[in-house]
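Working notes for the structure below.
Readers should treat all values here as calculations from the given coordinates under stated rules, not as data from a laboratory. These numbers were taken from a predicted model, which means no experiment stands behind them. Note: ideal-geometry Cβ built from the backbone for every residue, glycine included; neighbour counts use all protein chains shown.
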Amino acid sequence: MATYDLLCNGCGAQWEVEQPMTALLPRSHSSRAHGPNFVCGPVVQILAPPRTVGVGADASAWAADDRQFDRDAAAYKRLRSDGLQPKNVKGSAIIEAGAETRHEAEHHRIVPDRKLRSRLDRGDDQ
């Protein structure tokens, strides 16, 4: 659903209409100020872009993103309290669950090879 702010160029009336974005906007409107049978012609224009309310697939995707951010923020806070400095909040839950070394946590990258992981943690970059 979207909310549209509309203006009648014929009489200057302004109003809101809420309807699906796929529905056609009104081309005319009746105005009580001009009497019950008065109808302005095809003079309606949109004053502002439609305001939408999160529904459907977009809303569930946004909710999933919010839940993941909450998990990442909590993990980031725990990593920081352990004296580690992850690169950013995003992905911190995965880093917290999978990082075995300080290097992995602070570089925000899980290294699958154990030998390379221990070398990187010691500071051997070669």
Q: Positive end of the charge dipole of the range 56-122 (Lys, Arg +1 and Asp, Glu -1 on Cβ, about the Cα centre): tell me which of 62, 94, 120 has its Cα farthest that way.
A: 120
Q) With r defined as the distance between the Cβ atoms of residue 78 and residue 16 and R0 fixed at 41 Å, what FRET efficiency is calculated, to the nearest 0.05? A) 0.35
**Q.** FRET efficiency, 1/(1 + (r/R0)^6) with R0 25 Å, evaluated for residue 47 and residue 71 via beta carbons
**A.** 0.05
Q) What does the convex hull of the Cα atoms of the range 56-122 come to per residue, in Å³, rounded to a whole number? A) 75 Å³
Q. Going highest first, how would you order 14-27, 85-98, 65-78 by mean Cβ packing within 10 Å?
A. 85-98, 65-78, 14-27
